[in-house]
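This report concerns only the one structure given below.
The values are calculated or read from the model by the stated rules, or taken from the named source; none is laboratory data. As the structure is a prediction and not an experimental result, all values here were calculated from the model. Here the Cβ positions follow ideal geometry from the backbone for every residue, glycine too, while neighbour counts run over all protein chains shown. Accessible surface is based on the protein model in full, side chains and every heavy atom, while ligands, DNA and RNA are left aside. Shrake-Rupley method; radii C 1.70, N 1.55, O 1.52, S 1.80 Å.
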Amino acid sequence: MGGVCSRKRDQQVVEDGMRRGVSGRYGKSGSSKWLLTSFSRPMVVHQPGLANCPSLMELCIHKICEDINQYSSFTMLPKDISQQIFNKLVLSHLLTDVFLQKFRDCALEDVWLGEYPGVQDSWMDVISSQGTSLLSVDLSGSDVTDIGLGLLKECSSLQALTFNHCENISEIGLKHISGLTNLTSLSFKKSAAITAEGMCAFSSLINLEKLDLERCTGIHGGFVHIKGLSKLESLNIRCCKCITDLDLKAISGLHKLVMLNLEGCNVTAGCLDSISALVALAFLNVGRCGLTDDGCDKFSGLESLKVLNLAFNNITDACLVHLKGLTNLESLNLDSCKIGDEGLANLTGLSLLKSLELSDTEVGSSGLRHLSGLTHLETLNLSFTLVTDSGLKKLSGLTALKSLNLDARQITDAGLSALTSLTGLVHLDLFGARISDTGTNYLRCFKNLQSLEICGGGLTDAGVKNIKDLPSLTLLNLSQNCNLTNKSLELISGLNALVSLNVSNSNITNDGLPYLKPLKNLRSLSLESCKVTAAEIKKLQSTALPNLVSFRPE
């Protein structure tokens, strides 16, 4: 059985982001309460004419979980089978402290319990019993204390450890991980335990490649303890308000550092002196750091950069002069910077650029001529800019574009007509644009669209006739179009790939809900401010839409 059913670690199927823990699945925030039940069941993808047949392994795992009370231990099973049973229980939100005992000494490799309810020190005895087989642990948001963390010190093979938002861990607990020298990834987001003194425990983690200390507010002065981690490739200190330019000087010798996230830190352009010494740096995020043009000349030395985020800084066109030599750049974010048309002239030589974010800048139609040669662009955001219909003609040659955001009131049908050559578009955001039924005729050119937003209020059922012929759509937002009626739901009933649908603030009524029955893949439905009741949506969910997990009104 083991030989036939086992899968090697690097071949293991990772479902719904489990490799990163299940923190996104069991959110605690009020806005994410629906997730507690939303994803406790896997999505069943419905394709017309095709039956979905589970594998023999999937059937076995399902049956074992169904009859979990009949088993006292899984130690007799191959460890990868035990792993799949464990993962299934977590995904199904069925794992309890009682069921956990059945996995004692099962040689599990991965324990992903991020934000899973009820995890505390009493769970750690079983988790640590996996011994040297244990490679990855995520206990984010748990009630584990220093005592529980201490039990992991015997799991010497651990490679990845995640303790984000764990309020019961202190500096004393951190000392327990100093001997886990095989760790390559360590994350303690928003942890009060991470102080300058507490970081001393990291100095012995010589194999560490990734360190995440986002929102740790007491780490000023602690970077001297990681300056010797010569293998470190990724450092996230986003929103660490205590960070100063001097802290970054301590890590200027980390010559293998590829990614540095400083977003929201109170640093100045003076930190660029230290950053410029990081010769391998390819990803730099200094968004929301309050940077000005002063000192930005240091950017010119970061020639290895592929991704640069300068969003929400007080920089102007003068700063962009120092970016013209960064010819390896593939992504540039200038969201909400004081950038205008003249500044874009400095981007003409960035021929490898794939993503450009210009939202909420002073860029207008004239500046778009500087982008016409960036033929590798795949993502372009021009929302809340001064760009008008006439300027969009300059984008007609950017045929590699896959995502285009034109959320601006001055964009109309005429602008859309200039973009019909962009047949590779997958995502098109026209949220606030003034698109009418006439403009939707041009959407027929975008057969590959997977997401579409038109919420300017100008559509009627007649315009939706053109949208119904976009078979790849998975997300459709037509909210704020108050003249849409139940006829629109009938028209889009053939869009079987739809996962998210929003037709809020329209004339949709309960009578139109039956038209949604064919949309078996629908997971999110918003019909707020319509003549629709939660009771009728729930009835539709129970009888026809098995995957619907989020709906408004609720």
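Could you give the length gained on full extension between LYS487 and ALA400, defined as 0.36 nm per residue of separation minus the Cα-Cα distance, in nm?
Details: separation 87, 0.36 × 87 = 31.32 nm, distance 3.50 nm.
Full extension of this stretch gives 27.8 nm more.
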Practice task
Find the centroid of the Cα atoms in the range 381-443 and in the range 215-252, then give the distance between the two in whole Å.
Solution key: 42 Å
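Hey, any idea what % of the range 435-553's accessible area is carbon plus sulfur with a 1.4 Å probe?
Carbon and sulfur: 47 percent of the exposed surface of the range 435-553.
Using only alpha carbon pairs under 8 Å that are at least six residues apart, calculate the relative contact order of the range 64-193 and give it in whole percent.
On the way: 251 pairs, mean separation 24.3, N = 130.
So the answer I get is 19 percent.
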Problem - Inter-probe distance in nm under a simple model that places probes 7 Å from Cα toward Cβ, at THR438 and LYS517 - result: 3.9 nm
Completion exercise
ASP125 neighbourhood, Cβ < 12 Å, K/R = +1, D/E = -1, net charge -3
Practice task
Calculate, axis by axis, the spread of Cα positions in the range 341-402 along the three principal axes, and write the results as whole Å, longest axis first.
Solution key: 25, 21, 17
Practice task
Please report, in Å, the Rg and the Dmax of the range 281-362, where both are computed over Cα atoms only.
Solution key: 11.1, 30
Practice task
Per residue of the range 413-419, in order, report the coupling 6.51 cos²θ - 1.76 cosθ + 1.60 (Karplus, θ = phi - 60°) as ³J(HN,Hα) in whole Hz, putting x for Gly and Pro.
Solution key: 3, 4, x, 5, 5, 7, 10
Problem - Rounded to the nearest 10 Å², the accessible area of ASP273 at probe 1.4 Å - result: 90 Å²
Problem - Relative contact order for the chain, counting Cα pairs under 8 Å that sit 6 or more residues apart, in percent - result: 6 percent
Practice task
For LYS79, tell me the accessible area in Å² from a 1.4 Å probe, rounded to the nearest 10.
Solution key: 90 Å²
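Mean projection of the alpha-carbon convex hull of the range 435-553 over all orientations, in nm²?
So the mean shadow area of the Cα hull is 5.8 nm².
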Completion exercise
Mean accessible area per residue over the range 64-193 (1.4 angstrom probe, all protein chains present, square angstrom) is 38 Å²
Problem - Table column - 3J(HN,Hα) (Hz), the range 150-156, Karplus curve with 6.51, -1.76, 1.60, x for Gly and Pro - result: x, 5, 7, 5, 7, 8, 5
Practice task
Enter the accessible area of GLU209 (Å², nearest 10), with the probe set to 1.4 Å and all protein chains included.
Solution key: 70 Å²
Problem - Carbon/sulfur fraction of accessible area - the range 64-193, other protein chains in place, 1.4 Å, % - result: 49 percent
Practice task
Would you mind getting the accessible area per residue of the range 435-553, heavy atoms of the protein chains only, 1.4 Å probe, in Å²?
Solution key: 38 Å²
Completion exercise
Rounded to the angstrom and largest first, Cα extents along the principal axes for the chain equal 67, 62, 40
Completion exercise
Applied in sequence order to the range 159-173, the curve 6.51 cos²θ - 1.76 cosθ + 1.60 (Karplus, θ = phi - 60°) yields integer Hz couplings, x standing for Gly and Pro, of 10, 9, 9, 10, 10, 5, 6, 9, 7, 9, 9, 10, 4, 4, x
